[in-house]
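The next block holds one structure in the form of structure tokens; read it before the comments.
The values are calculated or read from the model by the stated rules, or taken from the named source; none is laboratory data. In this text the structure is predicted, and so the values were computed from the model without any measurement. Heads up, the Cβs are rebuilt from the backbone with ideal geometry, glycines too, and the neighbour counts pull from every protein chain shown. Only protein heavy atoms, including side chains, enter the accessible area calculation; ligands, DNA and RNA are left aside. Shrake-Rupley method; radii C 1.70, N 1.55, O 1.52, S 1.80 Å.
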Amino acid sequence: LAQTLRHGKSNIIGGLWLLSMPHHTTHAAFMLGNSIGRAGYTPWINNTLAQWIQVRAALRDFLSHQIAGLIFQANPTLLGDDEVQQLLKGFPAVTLVLPYEVDLPYDQLLHRRGPAVKQIIDYLTSRGRRRICLIASEAANRNESFIESTKNNQLIDAAEIVRPYDTHPFVGEGIYNALCEKYPNEIPFDAIISTSDEGAAAVIAGVKARGYRVPEDIAVVGWNDSFFSRYVSPPLATVDFNTEQLADTATEMLIERMKRPDKKKNVMSIDMKFIPRESAG
């Protein structure tokens, strides 16, 4: 506090991150805090909750403490808010972590899902899977990559996106329940991709209870490489967020911006990566 009063700025770097999901978020916050600490700054990690009211409050709080810079895992929808855009202008340095580039004058680190989706499709089709389902919400930008990877693919007979129950209190059950409601009798797929490992675990348990074998009858793929994914039976194929590289790169970009505030806008990308395991065949 004394340093802030004397110099008009703090030695704090703020991290505004979505920490409200059940998978991988503690690990992400830990890695981001480590990266900031190794750079000689004090990390202050806050939760976006993917809500405007929470983001606005966190940004105002960061500004009142005159933090040295901000790393913001930003939903592009949140960035469309006029007040959020106005608050961001008050920070000396900002790095946005996004699924795709947006038209804002800040450094941006693109955390891309598309390459992992293509890797999954290529893997499944190489093992003879021809009817593939993605269970994903409307807002999940991996949907576009799924459509792009499956359309006009001569190895695929059918590809479908099923919408899960986003408001279901248990994310895994919401994903599996959506599949059951759409297909209460026979499941017409030989591969199912879930947008979370919890959902994939629920799908494995559910389809087994209905008499299907995993992966012989239905291959199942999760997302987020959660700590339990290796211990599901069978071990769960999933997607690695490359969290450590993401945290380190975001911190490096921000500190470079703090040192060189007038440098040209920097846009970099880090790809998520498919991890094949037994559940995918």
Could you calculate the contour length gain from GLU148 to GLU186, that is, 0.36 nm times the residue separation minus the distance between their Cα atoms, to one decimal place in nm?
-> 11.0 nm
If amide H atoms are built 1.01 Å from N in the plane of the peptide, which residues on other chains or at least 5 residues away come under 5 Å of the amide H of LEU110?
-> LEU98, MET268, SER269, ILE270
Find, among the trypsin sites (Lys or Arg not before Pro) in segment 77-125, those assigned to loop by DSSP (not H, G, I, E, B) with at most 10 other beta-carbon atoms within 10 angstrom.
-> LYS89
Accessible surface of GLU278 in the full protein assembly, 1.4 angstrom probe, to the nearest 10 Å²?
-> 110 Å²
How much of the accessible area of the chain, probe 1.4 Å, is carbon plus sulfur, in whole percent?
-> 50 percent
Mind grabbing the accessible area of PHE30 for me, 1.4 Å probe, Å², rounded to tens?
-> 120 Å²
From highest to lowest solvent-accessible area (probe 1.4 Å; ligands, DNA and RNA excluded), TYR100, TYR231, TYR165 read TYR231, TYR100, TYR165
Take a quick pass over the chain and tell me how many lysine pairs come in under 16 angstrom between Cα atoms, counting only ones 8 or more apart or on separate chains.
-> 5
Between SER126 and ALA50, Cβ-based FRET efficiency (R0 30 Å, step 0.05) works out to 0.25
Restricting to the chain, compute how many DSSP beta bridges are antiparallel as a %, nearest 5.
-> 10 percent
Heavy-atom accessible area of ARG131, protein chains in place, probe 1.4 angstrom, given in Å² to nearest 10, is 100 Å²
Theoretical FRET efficiency, 1/(1+(r/R0)^6), r = Cβ-Cβ of TYR231 and ASP262, R0 51 Å, to 0.05 = 0.50
